[in-house]
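Heads up, the thing below is written out as structure tokens.
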Amino acid sequence: MLDYINDLQEQPVTDKALVYASSIDEVDFYVDAYSYGDRTRTFLKVQDGCDYGCAFCTIPMARGNSRSDTVDNVVEQAENIAASEVREVVLTGVNIGDFGKGNSGGRKKQEQFIDLIRALDDVEGIERYRISSIEPNLLTNEIIEFVAQSKRFVPHFHVPLQSGSNKMLNKMRRRYLRELYADRVDAIKTHMPDCCIGVDVIVGFPGETEEDFLATYNFLNELDVSYLHVFTYSERPGTAAAGMGGPVPNEVRKERTRMLRGLSAKKRRYFYDQHIGSQRQVLMESENKDGWLHGFTENYVKVRFPYDAALINQTRQVTLQQIADDGNVDIVMTDEQIPA
Amino acid sequence: MTRNPSVAFYTLGCKLNFSETSAIARQFEENGYQKKSFEDGADVYVINTCSVTDNADRKCGKLVRQALKKREDAKVVVIGCYAQLRPDEIAGMPGVDKSSRCSITSTICKSNL
């Protein structure tokens, strides 16, 4: 990248923007990365690209096929992070459940995601890991059972659903049906009744009728999940969905988005309510927002506490008191500090 | 006397982009660049883009125009998913199309960091 910038400085001044395009097919390597600048949390890249062909998605065309870091190298980076003051690591990738296909990708897995999380769990000095997002068809019982007894992996999963209608899941070329999804939620909740479960969902995919949308709404309403990330479908050039008929009018997409966001607020409130009165560990963050400091419990309940710089990046044992008017949870803090 | 060059970053989209922007920033810093905020006017702007929705596409155009205006000699480098997918679309955006200070590069450059 730096050589490239130096080359740029020597470019003659012309009257148009410069384009250096290369084909994504040429990308057969992996580059590791993790975020910094936030004292509390880092996003650690473990995987890149995707071999799935979801009809709505443009990312495989932008990032190439599924490649991974090795378990050994991820552990080495986690050890570096452990030597810093960062307390929480979020495992990050495009399709992290597909971890293990090596630096240049391929059909055969050399390692498995479960191997990665087992190895990471033994790194001293990392207080918490979150698995950012994992496909339901790759979220095995083995992974769920491991997280349930893990020292450091917190009870929080984010699992893309995209639609609660099997007809739409087929059109989207997803690799599961709604029954599989419901079964995964059951498995998580059986092993970890306190677990937070987030859901990605798309509204307004081509051909989505009112009935299909209501199937999604009702499915999610019944399901024991904690919050939704709602995406309003938008046509992406070059994807299979862009060539499908039956576009949903924009106003309808917006209305469906609004409805599901309302459901999400309700779900989150219900989830928070279940934990009022319980004791949790909260990792406090650093930002002063209108006099409040915020933090998350292991199971992703967002709490607030009057701003106190001494609490930044501290983990405290707290009691969840009540849901405040801003939707976050007020807490009572004990003096007990949880060492990093 | 030569001063250290400065660089500013902006990241759109996912957690993966955030981790990759950090890795790129670290390389710049290790090579003597001073990191500045987007507002402060840097010698080099790196914008790491997203293309998951058309909204992400639109934000990219806005940011490139803002970066070009911060300093009249700043170089603006656009990387990431949108740059990989539709480099010519970015190069043709109003306010971007006439500026040789803006370059749009695909994944190879980002991946080599």
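What follows draws every value from the coordinates through simple rules; no lab data is involved. Everything numeric here is computed off the predicted structure, so don't read it as measured data. Cβ sites come from the backbone with ideal geometry, for glycine too, and all protein chains shown count toward neighbours.
Spin-label pair A:D326-A:K266: with each label point 7 Å from Cα along the Cα-Cβ axis, the two points sit 2.6 nm from one another.
If you rank A:L161, A:L214, A:L228 by fewest surrounding Cβ atoms within 10 Å, what's the result? Walk me through the numbers on the way to the answer.
Numbers: A:L161 24, A:L214 15, A:L228 21.
Starting with the residue having the fewest Cβ neighbours, the order is A:L214, A:L228, A:L161.
Counting Cβ atoms of other protein chains within 10 Å of each residue's Cβ and taking the mean over peptide A:42-49 gives 4.
Of interest is the spacing of the C-alpha centroids, which for region B:1-59 and region A:37-98 amounts to 19 Å. For chain B, the relative contact order works out to 25 percent when only alpha carbon pairs closer than 8 Å and six or more residues apart are counted.
Placing a pseudo-label 7 Å from each Cα along the Cα-to-Cβ vector at A:T140 and A:D51 gives an inter-label distance of 1.5 nm. Per residue of peptide B:26-38, the mean number of Cβ atoms on other chains within 10 Å of the residue Cβ is 1. Our analysis of region A:219-330 gives Rg over Rh at 1.13, with the two radii drawn from alpha carbon positions and Rh computed by the Kirkwood formula.
Give A:K189/A:K254; A:K45/A:K109; A:K189/A:K266; A:K167/A:K254; A:K151/A:K189; B:K36/B:K62 a once-over and call out the pairs whose C-alpha atoms are over 25 Å from each other.
Details: A:K189/A:K254 32 Å; A:K45/A:K109 18 Å; A:K189/A:K266 19 Å; A:K167/A:K254 21 Å; A:K151/A:K189 18 Å; B:K36/B:K62 19 Å.
Over 25 Å Cα-Cα: A:K189/A:K254.
Computed on region A:279-338, with alpha-carbon pairs under 8 angstrom and 6+ residues apart, the relative contact order is 32 percent.
Computed over chain A, the range of Cα coordinates on each principal axis works out to 60, 55, 45 Å, biggest value leading. Using the Kirkwood radius over Cα pairs, work out the Stokes-Einstein diffusion coefficient for region A:279-338 at 20 °C and 1.002 mPa s, in µm²/s as a whole number. For these conditions, the coefficient is 193 µm²/s.
Among B:T21, A:T257, which comes first, second and so on when ranked by fewest other beta-carbon atoms within 10 Å? Don't skip to the answer; put the middle values down first.
Details: B:T21 23, A:T257 18.
The order, fewest Cβ neighbours first, is A:T257, B:T21.
Between A:E124 and A:S278, the contour length at 0.36 nm per residue exceeds the alpha carbon distance by 52.7 nm. Normalised by residue count, chain B yields a Cα convex hull volume of 98 Å³ per residue.
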